[in-house]
């Protein structure tokens, strides 16, 4: 292999392979996290030794798939959890005055895609121990896709979109179509995608347009969540101006 790009891709594939083969309960699971801090070129012999050991254990039947470890959960379960986000937001911290003596009122703004990603990670990590965020996946041509959230045991990608008031539905649909072609390309470890859309301006009359995304190949479901009514309309105005 020549060039830093090839080394990076080799390491990405190395981690993807281990992530799919090593069960969540195995002591060898630490190889995935530890390898993130290694310099691949200077530790290639160690990497190859790890692969050999994992291969031998797999052939002996000592490893079960991570799908088996989480076999009680399904894609439908993930979809149901995501659709319950509005119910959970009922208790989202938004104080007009402090509830404790001497304290300050807190208001947890959700102003961009990263805030939504953090919210979903918090929700799903309590259930899916193998959840990953901001992970690079296999290259497609010159593109090096990076998924928002993924659950390897379900071969699932969760793509998050923050629907700003200035954006037309066509923009969101086009972005998800492109993401699907990259994340679910031939040879990808992912097979299905759930699109999670945060509607920052509560355009419920246009939600039916975005639900058409479900007709795309590989889209398991589309979940659209509107910003809570008590959260002011200008929560993302500053953020929008910074991006213009």
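Overview of values
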read-out	value
Unique match (being under 21 Å from the mean Cα position of the chain (by Cα), assigned to a helix (DSSP H, G or I) and either surrounded by 15 or more Cβ atoms within 10 Å (Cβ to Cβ) or modelled with pLDDT under 95 (or both)) among 240, 178	178
Any hit, region 196-211, residues being in contact (Cβ under 8 Å) with a residue 60 or more places away in the chain, in a strand (DSSP E or B) and either touching a strand residue (DSSP E or B) at 6+ places or on another chain (Cβ under 9 Å) or at positive phi (or both)	yes
Single residue of 49, 74 found to be at pLDDT 65 or above and assigned by TED's automatic domain parsing to the domain that holds residue 119	74
Qualifying positions in region 123-133 - surrounded by fewer than 16 Cβ atoms within 10 Å (Cβ to Cβ) and free of Cβ contacts under 8 Å to residues at least 60 places away in the same chain	125, 126, 127
Any hit, region 183-191, residues being under 22 Å from the mean Cα position of the chain (by Cα) and in a helix (DSSP H, G or I)	yes
Sole residue being assigned to a strand (DSSP E or B), farther than 23 Å from residue 88 by Cβ, assigned by TED's automatic domain parsing to the domain that holds residue 92 and in contact with a strand residue (DSSP E or B) (Cβ under 7 Å, 6 or more places away or on another chain), chosen from 135, 159	135
Filter pass, residue 149 being in a helix (DSSP H, G or I) and surrounded by 15 or more Cβ atoms within 10 Å (Cβ to Cβ)	no
Residues of region 87-117 classified as in contact with a strand residue (DSSP E or B) (Cβ under 6 Å, 6 or more places away or on another chain) and not in a strand (DSSP E or B), total	4
Positions within region 175-195 being within 28 Å of residue 232 (Cα to Cα) and free of Cβ contacts under 8 Å to residues at least 40 places away in the same chain, in sequence order	175, 195
Test result for residue 120, surrounded by 18 or more Cβ atoms within 10 Å (Cβ to Cβ) and either over 12 Å from the mean Cα position of the chain (by Cα) or assigned to a helix (DSSP H, G or I) (or both)	yes
Residue count, region 9-30 (criterion: closer than 17 Å to residue 153 by Cβ and either modelled with pLDDT of 70 or more or part of a helix (DSSP H, G or I) (or both))	10
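The values are calculated or read from the model by the stated rules, or taken from the named source; none is laboratory data. Owing to the predicted nature of the structure, the values given are computational and were not obtained by experimental measurement. Please note: Cβ atoms are built from the backbone with ideal geometry, for glycine as well, and neighbour counts cover all protein chains shown.
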